[in-house]
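What follows is one structure encoded as structure tokens, with my remarks underneath.
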Amino acid sequence: MKGGASVSLPSSLPATDEEEWKLLSPSRRDLARRRIDAIEGWRDGELDIEEACRIANVSISRFYRLAAAWRDHPSLGSLAVRRGSGASARARPSKGEVVNALQAVVGKVVRAHADASVAQLTRHMVEAAGVDPTSVPSPMVLRRIVETEIRRVKATGEAGHALRFDCSAISAPQGDGRPWILFVVLDVGTRMILGWHVAESALALPGYQRAACDALAKLDDLSPPIWATRLTEVEIKSGLDKEATAKLVERLDAAIAGNVQHADSDARFGRYFKKLVGGKLGLLTLTPARTLCGDALPPNGDMTPWSRSELETHFAIKAAEYNDEVMREKQDLASDALSEIPADVLELLQMVAELQ
């Protein structure tokens, strides 16, 4: 999450929740963040159920209900953090519950009525959700729900609309037994590895600096089907240097006037890599729990050290093969229209690459 900016909407929540998010008290926003971390950490296998329940401050049975609701539709309503969200509030649907119902169907509506206007799509959405027309939000909110979904669908497959900076220990030992740490810049729309670096420690700033330099050197050679018009969101996972990473996030957010967020939890290293690329690449497997401390966890317990040159050669080959495979899968999305790398992507990468 964004360091020191408690009012900032977590990127896991839809933009339509932003107004309601700002109305929550700081303690309720903190509870929402903790429940997102707990649910996603448990879902990704990084937390056991007891630890997830402790972080979310709920019983096991309640946690399972929250996790199911979040899986079906990630939103504030799924997290049950509003005041009066218990049994006494069930008599009539809350504003949030109505919005949840609309968001649950908007994807199907947009796909089924691809040529419809935004006004027509809002009407179809209300009908498909089966909500009382007198309880729906304002026309502006309805339009925002539809337009957000349209942008999301359009952005699928486009490069440069969302970036993730991630780090994790990998299953390659150093000479002292510690694992090498992988730093990556990932593109969400294409799932490409834009840049990477392997380091001896989990200090995020120098790791991301070199990964950003690598990305800048390769961008012109990448061939995504189409670049987005602008960068809309960035998430940066912190390492050992949380405070320095938080300050970097603030500078980047101010510079590009975008949604740059700081994922500062001590857990969930490699989460973005695992989600976009997978848990393994070539002979290398992510070992997130070893990122901050502990010896490497190589296959079959083979602690033979990898040299930097061996590791860089292997990862470079496998990352290039992976990117080529991703691009082959997306050839049907290719466009004849001219497409340039978004200026704010270049600006952000240059700022990270020029860190002192």
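Laid out as a table, the results:
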{"quantity": "Single residue of Ala316, Ala296 found to be aliphatic (A, V, I, L, M) and either outside the structural domain of Gly175 (by TED's automatic domain parsing) or touching a helix residue (DSSP H, G or I) at 6+ places or on another chain (Cβ under 7 Å) (or both)", "calculated": "Ala296"}
{"quantity": "Every residue from segment 99-145 that is within 12 Å of Thr16 (Cβ to Cβ) and either assigned by TED's automatic domain parsing to the domain that holds Leu66 or of a type in the set (D, E, K, R) (or both)", "calculated": "Arg143, Arg144"}
{"quantity": "The lone exception for Ile145 - which of (1) farther than 30 Å from Ser307 by Cα; (2) of a type outside the set (Lys, Arg); (3) free of Cβ contacts under 8 Å to residues at least 60 places away in the same chain it fails", "calculated": "(3)"}
{"quantity": "Residue in segment 1-18 that is nearest to Lys242 (Cα to Cα), counting only those that are at pLDDT 80 or above and of a type in the set (D, E, K, R)", "calculated": "Glu18"}
{"quantity": "Selection within segment 219-249 - over 20 Å from Ala343 (Cβ atoms), in contact with an Asp or Glu (Cβ under 9 Å, 6 or more places away or on another chain) and surrounded by fewer than 22 Cβ atoms within 10 Å (Cβ to Cβ)", "calculated": "Lys242, Ala246"}
{"quantity": "Any hit, segment 17-38, residues being in contact (Cβ under 8 Å) with a residue 60 or more places away in the chain, crowded, with 18+ Cβ neighbours inside 10 Å and more than 19 Å from the chain's Cα centre (by Cα)", "calculated": "yes"}
{"quantity": "Residue within segment 194-211 that is within 27 Å of Thr148 (Cβ to Cβ) and β-branched (Val, Ile, Thr) present", "calculated": "no"}
{"quantity": "Output for segment 283-310, where each listed residue is hydroxyl-bearing (Ser, Thr, Tyr) and over 18 Å from Lys237 (Cα atoms)", "calculated": "Thr285, Thr304, Ser307, Ser309"}
{"quantity": "Meets criteria (in contact with an Asp or Glu (Cβ under 7 Å, 6 or more places away or on another chain), modelled with pLDDT under 85 and within 23 Å of Pro14 (Cα to Cα)) for Gly84", "calculated": "no"}
{"quantity": "Top-ranked residue of segment 265-316 - restricted to ones that are in a loop (DSSP other than H, G, I, E, B) and among the aromatic types (Phe, Trp, Tyr), ranked as surrounded by the fewest Cβ atoms within 10 Å (Cβ to Cβ)", "calculated": "Trp306"}
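The values are calculated or read from the model by the stated rules, or taken from the named source; none is laboratory data. All values derive from a computational prediction rather than experimental measurement. Note: ideal-geometry Cβ built from the backbone for every residue, glycine included; neighbour counts use all protein chains shown.
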